[in-house]
Amino acid sequence: MTAIAPRFGPQLIRLLLVTAVLTVGLLGALAGTASAHAALTGSDPKDGAVVDVAPREVTLTFSEQIAMGDDSIRVLDPSSKRVDVAKMQDLSQGGTVRYAVGLKPGLPDGTYTVAWQAVSADSHPVSGAFTFSVGAPSATTATVPDQEAGGGLVGTLYDAARYISYAGFILLVGGAAFVLACWQRGASVRPLQRLVVGGWVTLTAATLVLLLLRTPYTGSGKLGDMFDLGGLSDVLDTKTGAALVSRLLLLGAAALFIAVLFGAYAKRVTEAEAEAEQDGVGNAEAGKAKADLAFGLSLGGTVVAAGIAGTWALSEHASTGIQTGLAMPLDVLHLLAVAAWLGGLVSLLVALYRVPDIERAAVRRFSRIAFTSVVVLAVTGVYQSWRQVGSWDAWTDTSYGQLLLVKIGLIAVLLGAAWFSRRWTGLLGEDAKTAKTAEAGAEAESDAESGVDVAEEDVAEAGTAAAPERAAQLARQRTALATARKKRDRDADTERSGLRRSVLIEACVALVVLAVTTALTGTEPGRTQEKEVSRTGTEAAAPAPARPVNLTEPFDTGGTKGKGTLRLTIDPASPGTNLMHVWIDGPDGKPMDVPEVKVAYTLKSQQIGPLPVVPERLAAGHWSAGNVQIPMPGDWHLQVTVRTSDIDQTTIEKNVKIG
C-alpha cells in the first residue's frame, strides 16, 4: 500500500471553493425563476365580480390535479374574519379539477377576499388570492401572505437542501460505482471511503431537512413550524412525504452496502493483491469469492441506487404530464447516468490528488463508463426535453426552456473538458522521463533511508533512554520523505498533471450543471407554461371586459331629513343590458327610505338621451333596475334625482365611462 498525501493541492482547494460560491449564488438566482406547475384557471364568483346575493359557496378550478387540505381555501370578510364553513369539497370530475368551500348564510354587503394554497402534482406549492363583492364593493382590511408559497427563508433553505441532496446522491452512487467498476483497490483507500460515506451522510441529512421543512414550505412559511408534529403527520400522508420516507429507508440499506464494500470486500481485495504479489499467482478460490462478492455488491447497489433515484421520479416532474409510465423509468436511468458520470469524476479527481499512483487501467475504465453515461444522458435527455418543453418556441419563450438551454451549454463545456481528459488518459504510460524520475526518486529515497538507518544505529549506541523519542522522530522523517517522493513523482508526470487539471475543470463545471438541474426540477415545464401563455394571450387579444361603475355621492334636498349618501353601481357598464343598483344611506350610515329615485343617461357627443330609468324599490334604501339598455360606449352624463318629501328633491349629476 502506498503512502497517501495528507491534503489536497492548493489549486484544487481554491478552484472548488470559488466554484462552490458561484454555484450557491447561481442556485439562489435560478430559484427565483422557479414556478409551480398547477395554476388557477377559474372561480365562481369570478375575480372582481359584484353579485346581488351572497353565494352559498366559492368554487376554484385548477389546470391540473393538486393536493389541498381542509384549510387550503379561506374566505375573509371586509374586517378580515373567516366566513367559510364546513370542510372543503372536491368537485373534480373527468379532466376538470374543481374544489369548493361553503360560506356562512346571510353575509352582508361588502368585498370578500378568497385566499387559497395547495400543492401541485409535482410537489411544488402554489397559492393566490382574489376578491368578489356582495351588493357593492367596499373597503377591506383582509390581509393575505405577501409572498408566494414556497418563498422566503423557508423556500431558500428548501431549495438548498434539494441541491445538497442531489450532490449527496451523486457522490454516494458515483463513488461506489467507481470503486466497484473502475478501481477495486480504491475500496481500501481512505480518501475514497470518506467521499462515499460523506455522500451518504449528506444525502441522509438533506432528506431529513427536506422532510422537516415540508410543512412550512407548503404551508405557513414559518421556519418554526418545521417541528410541528401534526404538520409532519400530514406530510407523511402526501406523495412527497412518502417518497422522502422511502428514501430514508433505502439509505438504511445503502449503509449496509457501504459497510460491506469498505469492510469485507476491501479486505478480500487487499488479501488477493498480497497473494498475487507474493507468489505472482492469485489464489483461484479467493479470487472467485472476491468476484462473487463484487457481483452481489454490484447487483444490490444498483437496486438500492435505482430505488433512491425513483424517489425523485415518483414525486417530481416525471410523475406528472404525459407518458408518465415511460417518463419515470427513464428519469431513474437519467439520474443513475448522472451519478455514474459526475460522481465517478469527483472520485477520479480525489484519487488523482490523494493517490497519485492510480493505475492507468482504472482511469481508462472510467473513461469508458463516462462515455456510456453520456450516451444514456443524451437519449433520456432528448426524450425528457421533448416531453417537458413541448415546442420550439418554448425553448426561448419559457423559463424552463431557457434554463434547459443554459444546461445544454454547460454540458457542452463539460464534454469539451472531458475530451481533453480522454486525450490525457490515452497518453498515460511509463515513458522514459517518468522512468528516469522514478529511478532518481528511488535513489534519493535509498540515500535518505540509509541516513535513517545510520541514525537508528546511533540511537542504539546511545542507549535506550532516548530511544522512544528518537524512534518517533525517525518515523516522522520516513513519512515526510515518502510524501515528498510521491509529490515529486506526481509533479514530474506530465500526463497525470494534465489529466488532473482537465478533471478538475470538469468537476467545477459539474457543480454549476447540478445547480441548473436543481432549478429545473423546481420550474414549471415549458409545455404547461405555453398553455398558460396561450390562454392568457387569447384573453388579452379579446376586448378587455368593461369595469363596473361605482359611484358614491353625498346629497342634500334641503328639507327635514334631507341629507344622506347616494351609492350607485352599473354592471358590467358596457353597451347592451346592464344591471343597476342604487342605495340611499342616512347620515348615520343606515338605510334611508325615500319616496322616489329616478335616473337618466345622456350621451351628449352623439345627442342621445336623456334615457330615463325608473328603478324598483327592493328594500328600505335599496332600488334596482335589471334591464338598463345603453346603446353604445362613451362618456355618458348620469343624472340621479332623489326626492325625500313631496317638495324636497335634488339631482346629482356625474359623467361615467361606459364600455
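The values are calculated or read from the model by the stated rules, or taken from the named source; none is laboratory data. This is a predicted model, so every value here is computed, not measured. Here the Cβ is made from the backbone with ideal geometry for all residues, glycine too, and neighbour counts use every protein chain on show. Each accessible area value is taken on the protein alone, full model and side chains, heavy atoms only, with ligands, DNA and RNA left out. Shrake-Rupley method; radii C 1.70, N 1.55, O 1.52, S 1.80 Å.
Specify which of the listed residues (Gly219, Gly282, Gly230) is surrounded by 20 or more Cβ atoms within 10 Å (Cβ to Cβ), modelled with pLDDT under 80 and on the phi < 0 side of the Ramachandran plot.
Being surrounded by 20 or more Cβ atoms within 10 Å (Cβ to Cβ), modelled with pLDDT under 80 and on the phi < 0 side of the Ramachandran plot holds for just one of Gly219, Gly282, Gly230, which is Gly219.
Go through (1) at pLDDT below 90; (2) open to solvent by 20 Å² or more (accessible area, probe 1.4 Å) for Thr240 and report which single condition fails.
(2)
Being without any contact (Cβ under 8 Å) to a residue 24 or more places away in the chain and either outside any helix (DSSP H, G or I) or under 23 Å from Ala167 (Cβ atoms) (or both), is that true of even one residue in segment 326-334?
Yes.
A quick yes/no check of all residues on (1) aliphatic (A, V, I, L, M); (2) touching a helix residue (DSSP H, G or I) at 6+ places or on another chain (Cβ under 7 Å); (3) modelled with pLDDT of 90 or more; (4) outside any helix (DSSP H, G or I):
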{"residue": "Ala136", "(1), (2), (3), (4)": "yes, no, no, yes"}
{"residue": "Gly155", "(1), (2), (3), (4)": "no, yes, no, no"}
{"residue": "Ala161", "(1), (2), (3), (4)": "yes, yes, yes, no"}
{"residue": "Tyr166", "(1), (2), (3), (4)": "no, yes, no, no"}
{"residue": "Ile170", "(1), (2), (3), (4)": "yes, yes, yes, no"}
{"residue": "Phe178", "(1), (2), (3), (4)": "no, yes, yes, no"}
{"residue": "Arg194", "(1), (2), (3), (4)": "no, no, yes, no"}
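Looking at Ile322, Ile358 in this structure, which one is more than 25 Å from Val196 (Cα to Cα) and not in a helix (DSSP H, G or I)?
Ile322
If I filter segment 216-236 for residues that are over 25 Å from the mean Cα position of the chain (by Cα) and among the aromatic types (Phe, Trp, Tyr), do I get at least one hit?
no
Mind checking which strands (runs of 3 or more DSSP E) fall wholly inside segment 539-653 and carry at least 3 residues that are touching a strand residue (DSSP E or B) at 6+ places or on another chain (Cβ under 6 Å) and more than 29 Å from Pro108 (Cβ to Cβ)?
596-603, 608-613, 634-643
Pairs under 6 Å by beta carbon, first residue under 24 Å from Gly626 (Cα atoms) in segment 46-72, partner in a loop (DSSP other than H, G, I, E, B) and modelled with pLDDT under 85, six or more apart or different chains?
Val50/Pro548
Check whether at least one residue in segment 639-646 is in contact (Cβ under 8 Å) with a residue 24 or more places away in the chain, among the acidic types (Asp, Glu) and surrounded by 13 or more Cβ atoms within 10 Å (Cβ to Cβ), and report yes or no.
No; the residues of segment 639-646 include none that is in contact (Cβ under 8 Å) with a residue 24 or more places away in the chain, among the acidic types (Asp, Glu) and surrounded by 13 or more Cβ atoms within 10 Å (Cβ to Cβ).
Please go through (1) touching a Gly at 6+ places or on another chain (Cβ under 7 Å); (2) of a type in the set (Asp, Glu); (3) open to solvent by less than 50 Å² (accessible area, probe 1.4 Å) for Glu553 and return the number of the only condition it doesn't satisfy.
(1)
Which of the strands (runs of 3 or more DSSP E) found entirely inside segment 38-123 contain at least 1 residues meeting this: within 24 Å of Gly221 (Cα to Cα) and modelled with pLDDT of 85 or more?
57-62, 73-76, 84-90, 97-103, 110-120
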